[in-house]
Amino acid sequence: MELTKSLQAAMAQDLSEKELLRMEVEQLKREVTTPRAPISRTGKEIKEYVEAQAERDPLLRGVPEDRNPFKEKGGCLLS
């Protein structure tokens, strides 16, 4: 079970230096086994994905008024 960073930080205050170093070594062992890919390949893949999804991106295209859940339902008059 992985702990959140804040919980780990709170727990780290109660641990000895040896225990902290052991935790760090365990984390580094997990990270070294993480598969990695060169940015020259992953950057290209990300760019292609973003361009392919651009047509459906509401931040780029906007939301049609009839499907906008945040559209104001009515006006407000001050007198």
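Bear in mind these aren't lab numbers, they're just calculated from the coordinates by the rules spelled out. Quick caveat: nothing in here was measured; it's all calculated off a predicted structure. Counting neighbours? That spans all protein chains shown, and the Cβs are built from the backbone with ideal geometry, glycine included.
Going through LYS44, LYS29, LYS73 one at a time, which residue ends up being surrounded by fewer than 10 Cβ atoms within 10 Å (Cβ to Cβ) and assigned to a helix (DSSP H, G or I)? Steps first, please.
Working: LYS44 fails: surrounded by fewer than 10 Cβ atoms within 10 Å (Cβ to Cβ); LYS73 fails: assigned to a helix (DSSP H, G or I).
Testing whether each residue is surrounded by fewer than 10 Cβ atoms within 10 Å (Cβ to Cβ) and assigned to a helix (DSSP H, G or I) leaves just LYS29.
Among the residues of segment 53-69, which ones are surrounded by 10 or more Cβ atoms within 10 Å (Cβ to Cβ) and assigned to a helix (DSSP H, G or I)?
Of segment 53-69, the ones surrounded by 10 or more Cβ atoms within 10 Å (Cβ to Cβ) are 53-54, 57-58, 60-61, 63, 68.
Those that are surrounded by 10 or more Cβ atoms within 10 Å (Cβ to Cβ) and assigned to a helix (DSSP H, G or I): GLN53, ALA54, PRO58, LEU60, ARG61.
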